[in-house]
Amino acid sequence: MIRRFISIDTETTGLDPVKSCPIAISGQVGYFEPADKQMVIERVFDLRCCPFEGAEIHSEALEKNGLDLSEVVNWPEPRLALMKLKGTLETFKYKKWDQKPFWIGYNTRFDIAMLEEMFKRDKGNIQLVDLTNFYSIDPFPLTALKIFSQGFTSVADMPNLQLKTVADRQGIYLDAHDALSDSWAALSLVIRELHMEDNIETVVMNGKTYKISDVYQNMGEAWLASGGKITKNV
């Protein structure tokens with residue numbers, strides 16, 4: 001059975017979903033096809049938008065992402081980014097829950113909460129719950145569980161559970177605090193943590209076929225070096 005997914009990450013102006021907001025929304029939409037032993041990336045999105053009027057903007061949040069407020073305020077309005085995100089997912093609106101995409105991300109609760117509030121502020125007829133099934137596959141608690149089950153023996157060489165730390169430990173390429181790179185790393189972590197290499201042999205992107213082993217390093221580096229333009233549709 002085909003399992004669809006949306007691997008997503010956001011960069012935000014703060015941590016409060018109501019008072020803060022996303023300024024970058026990036027990720028991939030695709031599906032796993034066990035019968036053909038492949039993963040297909042159908043669409044990649046890399047959206048930017050300015051904060052909504054009155055939003056809380058924490059300078060440390062921008063600095064973490066190497067951004068300057070004078071640059072961010074000139075980005076497109078949030079409604080334009082939201083319109084493109086809806087366009088990316090609208091094909092799933094009338095699907096049954098098991099035909100809608102699963103969420104993949106690192107600490108997905110944060111990203112989902114941010115996007116939910118963004119949809120609410122738009123006051124449109126479509127809400128986030130209409131477009132996805134809201135089941136999350138998140139390597140963050142999987143990593144925490146592994147450390148706990150090992151009696152905390154990994155804490156010494158795993159000083160924290162930040163995505164960059166975990167990706168480095170797993171040999172996965174990551175340009176930290178870049179939403180597009182973060183979403184790709186989260187997808188790579190899911191493949192590795194769930195041992196999906198046993199069932200998935202190839203990845204199809206932009207009409208090209210790659211070995212699943214290339215997902216972690218070679219594809220990530222080449223894709224990000226091109227600014228995500230290899231498969232960027234939005």
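The values are calculated or read from the model by the stated rules, or taken from the named source; none is laboratory data. Quantities reported herein were computed from a predicted structural model and do not represent experimental measurements. Neighbour counts are summed over all protein chains in view; Cβ atoms, including those assigned to glycine, are modelled from backbone coordinates with ideal geometry.
Could you list all residues from the range 1-19 that are under 28 Å from Lys120 (Cα atoms) and modelled with pLDDT under 90? Steps first, answer last, please.
Residues of the range 1-19 under 28 Å from Lys120 (Cα atoms): 3-19.
Listed by number, the list holds a single entry, Arg3.
For the structure I just gave you, tell me whether Ser70 is at negative phi and modelled with pLDDT under 90.
Values: at negative phi: yes; modelled with pLDDT under 90: no.
Spelling it out, it is not the case that Ser70 is at negative phi and modelled with pLDDT under 90.
Would you confirm whether any residue within the range 114-123 is over 22 Å from Ser183 (Cα atoms), free of Cβ contacts under 8 Å to residues at least 12 places away in the same chain, assigned to a helix (DSSP H, G or I) and over 14 Å from the mean Cα position of the chain (by Cα)? If you could, list the steps in order and put the result at the bottom.
First, pick out the residues of the range 114-123 that are over 22 Å from Ser183 (Cα atoms): 120-123.
Okay, now just the ones that are also free of Cβ contacts under 8 Å to residues at least 12 places away in the same chain, so 120, 123.
Next cut, assigned to a helix (DSSP H, G or I) only: 120.
In the following step, the residues that additionally are over 14 Å from the mean Cα position of the chain (by Cα) were identified as 120.
Looking through the range 114-123, at least one residue is over 22 Å from Ser183 (Cα atoms), free of Cβ contacts under 8 Å to residues at least 12 places away in the same chain, assigned to a helix (DSSP H, G or I) and over 14 Å from the mean Cα position of the chain (by Cα).
Tell me which helices (runs of 4 or more DSSP H) are completely within the range 1-101 and hold 3 or more residues being in contact with an Asp or Glu (Cβ under 7 Å, 6 or more places away or on another chain), more than 21 Å from Ser136 (Cα to Cα) and in contact (Cβ under 8 Å) with a residue 40 or more places away in the chain, or say none if there are none. Write out each step before concluding.
Numbers: elements: 59-64, 69-72, 78-89.
Fully inside the range 1-101 and qualifying: nothing.
Looking at (1) touching a helix residue (DSSP H, G or I) at 6+ places or on another chain (Cβ under 7 Å); (2) modelled with pLDDT under 95; (3) closer than 21 Å to Ala186 by Cα, which one does Pro22 not meet, given that it meets all the others?
(2)
Across the range 92-150, which residue is farthest from Cys49 (Cα to Cα) among those that are modelled with pLDDT under 85 and hydroxyl-bearing (Ser, Thr, Tyr)?
Checked the range 92-150; the qualifying residue farthest from Cys49 (Cα to Cα) is Ser149.
Name the one entry in Lys146, Lys120 that is within 25 Å of Ser213 (Cβ to Cβ) and either surrounded by fewer than 21 Cβ atoms within 10 Å (Cβ to Cβ) or among the acidic types (Asp, Glu) (or both).
Details: Lys120 fails: within 25 Å of Ser213 (Cβ to Cβ).
Within the list Lys146, Lys120, the selection yields Lys146.
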